[in-house]
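The values are calculated or read from the model by the stated rules, or taken from the named source; none is laboratory data. Computed from a predicted structure; not experimentally measured. Note that we place each Cβ from the backbone using ideal geometry, even for glycine, and neighbour counts take in every protein chain shown.
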Amino acid sequence: MAGVDVGPQGGHKRATNSDINMVPFIDLLFVTVAFLLITAVWVTNSRITADAQVPGKDSCGADCTTVTEKVLHVSIGENDFALAWKQAGTVLSEVRVPKDHAQGGAEEGQQVRYPDLAKAIATEWNARGAHMDPSDRKPDQVILHTDNKTPFKELVAVLDAVNGTKRDLRMSDGKTVKMPAFNSTFAVR
């Protein structure tokens, strides 16, 4: 307990000494600190790492020996998907895939799947993928372009379609395992 002492009687008829109950204040302080600590952990766990993955510096000139790799760009449209292989801003090929739901779809809580998109991504990677050798540890890159209004379940379905393409990867002990062929990133404006 804490108290305030202003001297005996303070010149008045009633005593001016009073006790201030600090227990509710301390309780509120502890609850606030606990709330802030818990929400700080939730905020950092809900972030998605997004980077532009720029191929190189503009000012490096003739001294640079950087090789720009082919990157698959998947654009999520309203009625279709656009798959475009690009290298240093040059479009090497482009394929359009209609946006047809296989499972679930419009009903609430149903999972959305895009099997045609998964087949098209696998076909494109088999035809133009750069990192196919089992000893090559680096995966190919895919950049997802989407509108801010795209529902989350559609983004998950597109990521599932991208991760459905697998490649062989030889481990250091000689065993071969199946790994996703692509490293997925989101386009940043």
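Residues in the range 151-189 that are in contact (Cβ under 8 Å) with a residue 24 or more places away in the chain, among the hydroxyl-bearing types (S, T, Y) and surrounded by fewer than 14 Cβ atoms within 10 Å (Cβ to Cβ): T176 alone. Cβ-Cβ distances below 8 Å connect the following pairs, each with a first residue in the range 89-104 that is more than 18 Å from T68 (Cβ to Cβ) and at pLDDT below 80, a second residue that is assigned to a loop (DSSP other than H, G, I, E, B) and of a type in the set (F, W, Y), and a separation of six or more residues or different chains: D100/Y114; H101/Y114; A102/Y114.
Total residues in the range 32-87 satisfying the condition of being surrounded by 13 or more Cβ atoms within 10 Å (Cβ to Cβ), among the polar types (S, T, N, Q) and at pLDDT below 55: the figure is 1.
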